[in-house]
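One structure is given here, and the rest of the page talks about it.
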C-alpha cells in the first residue's frame, strides 16, 4: 500500500509541470494555467482518497468475513 501512495503522490506532483508546460506552449494566460493546475491537483487528491477508501472497505469486508468463519 505504501508504494501505491508514493506512486499516486508522484503522479500528482508530476502533473504540475506538465500542465504548466502544455499551457505555456498553447498561449494560456497565467491565471487560467494556475486554475487548471489546481483542479488537476484536486481531482488527483479525490481520486487517491476514493481508491484508498475503496481498498479500506475491501479489507474491512474481508476481515469481517474471516471473523465470521472463525466463529
- Message: Going through 43, 35 one at a time, which residue ends up being surrounded by 11 or more Cβ atoms within 10 Å (Cβ to Cβ) and either over 26 Å from residue 2 (Cβ atoms) or touching a strand residue (DSSP E or B) at 6+ places or on another chain (Cβ under 6 Å) (or both)?
- Response: 35
- Unmet requirement for residue 28, which otherwise passes all of (1) part of a helix (DSSP H, G or I); (2) modelled with pLDDT of 80 or more: (1)
- List every residue pair whose Cβ atoms lie under 8 Å apart, where the two residues are 6 or more positions apart in sequence or sit on different chains, the first residue falls within the range 35-51 and is at negative phi, and the second residue, located anywhere, is outside any helix (DSSP H, G or I). 36/28
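The values are calculated or read from the model by the stated rules, or taken from the named source; none is laboratory data. Here the structure is a predicted model, which is why all the values come from computation and not from measurement. Reconstructed Cβ throughout: ideal geometry from the backbone, glycine too, with neighbour counts over all protein chains shown.
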